[in-house]
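Each remark here refers to the structure printed beneath this line.
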Amino acid sequence: MTGNYEAWSEDSKYGLRIPSQVLQKMLNLLLENKGTETGGIMVGYYNRRYDCAIVTDFSGPPSDSKRSKNFFHRGINGLQHWINKLWQLQHRRYYLGEWHFHPFSNPSPSSIDIKQLKANAEEKSYSCPEPILFIIGGDPNTKCDYKAFVYLKGKGTIELFRGLENI
Ligand SMILES: [Zn+2]
């Protein structure tokens with residue numbers, strides 16, 4: 001069982017928290033996934049100070065996603081319906097950003113990843129001007145590495161760093 005994941009911007013203004021049970025569920029999904037990039041969206045809510053996104057659930061790859069060993073372009077099939085349902089039925093959870101997996105590789109974002117994050121920030125139907133990108137790299141059978149980023153209007157993509165209470 002893995003621990004909670006928490007990471008913050010250098011100025012401590014933006015944080016991301018993925019509770020251990022959610023992260024474990026993500027890693028379990030990766031174990032079934034044989035060497036292809038995969039991913040989806042993350043949903044949840046912000047804490048009361050509105051400085052930390054807390055992930056409560058995530059999607060796998062929608063059926064229209066494009067995937068290969070070193071490429072993942074998330075599709076959209078079914079997502080809007082799920083997002084609407086989360087908002088209405090599950091205590092106002094909403095879209096927080098994206099996650100994906102770089103199998104046997106490091107979790108650094110590609111230039112395409114950065115471009116997609118910016119496009120998601122501008123996507124009106126997500127109502128999320130500051131989306132998060134969480135990347136898992138490595139091998140879920142042995143060791144995974146994580147990196148997290150947030151896209152900020154006027155600042156671009158900045159990295160969120162792990163604190164001392166690591167996994
Ligand atoms: Zn990527």
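The values are calculated or read from the model by the stated rules, or taken from the named source; none is laboratory data. Computed from a predicted structure; not experimentally measured. Virtual Cβ from ideal backbone geometry, glycine too; neighbours counted across all protein chains shown. Ligands, DNA and RNA are excluded from the accessible area calculation, which covers all protein heavy atoms including side chains. Shrake-Rupley method; radii C 1.70, N 1.55, O 1.52, S 1.80 Å.
A few notes on this one:
- In this view, the solvent-accessible surface of R67, computed with a 1.4 Å probe and all protein chains in place, comes to about 100 Å².
- On a per residue basis, region 5-162 carries 53 Å² of accessible surface, using protein heavy atoms and a 1.4 Å probe.
- Rg of the Cα atoms in the chain, relative to 2.2 N^0.38 Å, amounts to 0.96.
- Accessible surface of region 5-162 [probe 1.4 Å, protein heavy atoms]: carbon and sulfur percent: 51 percent
- Of the peptides 75-83, 34-42, the order by per-residue mean of other Cβ atoms within 10 Å, starting with the highest, comes out as 34-42, 75-83.
- Neighbourhood net charge (14 Å Cβ-Cβ; Lys/Arg +1, Asp/Glu -1) for P103: 0
- Hull volume per residue, based on the alpha-carbon atoms of region 1-67 and their convex hull, is 112 Å³.
- Beta bridges by DSSP in the chain, antiparallel share as percent, to the nearest 5: 75 percent
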